[in-house]
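A.B. asks: Could you have a look at this structure, given as structure tokens, before my questions?
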Amino acid sequence: MTFRSRSEDDYNMWLLALRPFVINTDIWSTYFFSKLIGQGSFGKVFLASRFHQRTSPTEEPEPDMNQKVAIKIMEKSNIV
């Protein structure tokens, strides 16, 4: 899909507005990975916190340290 806007600021504001309604496959920009909590033959488990929703495109994302999740990262070659 192609998205066009009048300016870069408009483009960034639209991205922020649409983000909650789009499936995000980039977990590295969605979660802050704080530490490795487990490791096995299929992958690793990390303790992570979701970044707060930004209110402007120039705002630095900050993790919500009150909401922690465990995320398992698996090697693609180990998945059958």
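A.B. asks: Where in region 5-80 are there trypsin sites (Lys or Arg not before Pro) that are in a DSSP coil and have at most 10 other Cβ atoms within 10 angstrom of their Cβ?
C.D. replies: Passing both the DSSP loop test and the Cβ count: R6.
A.B. asks: Which one of Q53, S29, N78 has its Cα pushed farthest toward the positive end of the charge dipole of the chain, where Lys and Arg give +1 and Asp and Glu give -1 at the Cβ?
C.D. replies: Among Q53, S29, N78, the one farthest towards the positive end of the dipole of the chain is N78.
A.B. asks: Calculate the all-directions average of the projected area of region 10-80's alpha-carbon convex hull, and give it in nm².
C.D. replies: Mean shadow area of the hull around the Cα atoms is 6.1 nm².
A.B. asks: Only loop residues by DSSP count here, and only those with at most 10 other Cβ atoms within 10 Å; note down the chymotrypsin sites (Phe, Trp or Tyr not before Pro) in the chain that meet that.
C.D. replies: F3
A.B. asks: Another question, then. Could you size up the charge dipole of region 24-78 around its Cα centre, putting +1 on the beta carbon of Lys and Arg and -1 on that of Asp and Glu, and report it in debye to the nearest 20?
C.D. replies: 300 debye
Just so you know, all these numbers are worked out from the coordinates, no wet-lab data involved. Since this is a predicted model, take the numbers as computed values, not measurements. Neighbour counts are summed over all protein chains in view; Cβ atoms, including those assigned to glycine, are modelled from backbone coordinates with ideal geometry.
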